[in-house]
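Student: Quick one: the structure is below, questions incoming.
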Amino acid sequence: MDRFPGVYKAAAEILDIGRRMYEKNFVAANDGNISCRIAEDVILATPTGVSKGFMSAETLVTMRLDGTILERGDLKPSSEIKMHLRLYNENPEIMGVTHAHPPVCTSYAIAGISLDKAIYPEALVNLGTVPCIHYEPPGSQGIPDSIAPYCRDYNAVLLANHGALSWGRSLTEAFYRLEAMEHYALILMYTGNIIGRANVLSCDQVRELVKIREKLGITSGGVPRCCAETAANLNDVGVDNCPFNKMNETGARNDKSPDTEKIAEIVREVVRRVVKERL
Ligand SMILES: [Zn+2]
């Protein structure tokens with residue numbers, strides 16, 4: 001079977017994903033861009049200045065990976081297409097790329113926070129960890145240069161103060177990763193900032209999930225910060241301090257957060273001093 005989708009199939013998929021992106025509120029006005037590889041050296045991509053929810057096949061642009069335009073309608077390719085071209089050039093396995101500004105992902109990108117906590121298996125296996133890379137002006141050459149180091153080992157990145165970018169071995173996989181990313185960001189926001197607690201997976205659990213991911217043929221995605229098994233490892237690089245992760249024998253949570261431990265220590269110190277003064 002041919003590795004590349006035919007141009008009609010690719011166009012239909014781009015229009016469909018554009019509609020879904022728009023309906024899911026991942027883009028506003030003319031934001032976002034989508035592309036699909038249709039030959040070793042050729043992609044089909046969305047043009048500049050159109051709503052992704054209301055595109056027609058005639059507006060799509062066919063380009064070579066060096067940026068040469070092979071076919072286009074009335075509209076030029078987006079200035080952001082440079083980051084798509086860089087991804088395809090850096091990693092021959094990439095078959096589709098999506099870029100959007102989903103609100104929760106973009107909020108994390110504005111805060112400069114990577115999506116890298118090991119909190120649930122689906123995000124880890126199919127998406128992996130999502131680094132937030134430094135700010136570069138939209139459409140500038142700085143963006144493709146800044147994403148280049150991540151093209152092979154990761155499946156998506158947050159662009160600081162800008163939005164989300166994902167890729168995959170098919171355009172559908174790239175879009176699923178964009179959806180997964182927004183979902184992951186939303187859950188991180190709920191657990192981290194609204195509910196205020198999360199049981200981070202242990203490093204053993206994370207290793208097990210990475211093995212499953214490899215069995216599925218996914219060798220990219222990085223490894224999220226996991227929860228150390230022993231207190232001695234809590235300050236290791238990549239290991240999260242996870243005060244809420246420990247369960248006692250009955251399965252209930254151990255509520256000793258660092259703050260309550262600190263308060264307990266202060267109380268003990270006060271008692272020690274009072275006792276000393278009285279002696
Ligand atoms: Zn953008």
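Bear in mind that the values in this text are calculations on the coordinates, not laboratory data. In this text, all values refer to a predicted model and were calculated from it rather than measured experimentally. Don't worry about glycine lacking a Cβ; one is built from the backbone with ideal geometry, like all the others, and counts go over all protein chains shown.
Student: How high is the relative contact order of the stretch 22-177, given as a whole-number percent (alpha carbon pairs under 8 Å, six or more residues apart)?
Tutor: Computed over the stretch 22-177, the figure is 24 percent.
Student: Roughly how far apart, in whole Å, are the Cα centres of the stretch 3-38 and the stretch 183-205?
Tutor: Each part's Cα centre sits 30 Å from the other's.
Student: Could I ask something else about it? Taking Cα pairs under 8 Å and at least six residues apart, what relative contact order does the stretch 1-48 come out at, in percent?
Tutor: 41
Student: When you take every Cα atom in the stretch 1-141, what is the radius of gyration, and what is Dmax, the widest Cα pair distance, in Å?
Tutor: 15.5, 46
Student: Can you put E90, E58 in order, fewest other beta carbons within 10 Å first?
Tutor: E58, E90
Student: Additional query: Mind listing which GluC sites (Glu not before Pro) in the stretch 1-44 are in a DSSP loop and have 11 or fewer other Cβ atoms within 10 Å?
Tutor: Hits after loop and neighbour filter: E40.
Student: Using amide H atoms built in the peptide plane, which far-off residues or other-chain residues are under 5 Å from S202 H to H?
Tutor: Amide H to amide H, under 5 Å and 5 or more residues apart or across chains, S202 pairs with C227.
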